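Here the structure comes first, spelled out in structure tokens, and everything after it is commentary.
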């Protein structure tokens, strides 16, 4: 079902995230007020890859409480995904 979700894009959305970073403890995640935080390494690497392809600053260069926007696609089952 998730495969079908990604093959049938309905719309594109942009979410705003706050960077949570504690270098000493090796903690890094993207926090959102909408309970859609991103803390999965693979997703963050994919976001970083897409940013580099567009000539944007690396995700991992941001500091604590910096704000970034991430474009997501919403599939037919209303599940957001990063392409």
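The values are calculated or read from the model by the stated rules, or taken from the named source; none is laboratory data. Everything numeric in this text was worked out from a predicted model, so none of it was measured. Neighbour counts are summed over all protein chains in view; Cβ atoms, including those assigned to glycine, are modelled from backbone coordinates with ideal geometry.
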Practice item. Return yes or no: is residue 62 more than 23 Å from residue 75 (Cβ to Cβ) and touching a residue at least 40 places away in the same chain (Cβ under 8 Å)? Key: yes
Review point. How many residues are part of a helix (DSSP H, G or I) and closer than 17 Å to residue 29 by Cα if we restrict to the stretch 51-83?
Key: 4
Point to revise | Complete set of residues in the stretch 1-44 that are outside any strand (DSSP E or B), touching a strand residue (DSSP E or B) at 6+ places or on another chain (Cβ under 8 Å) and modelled with pLDDT of 75 or more | key: 32, 36, 37, 39, 44
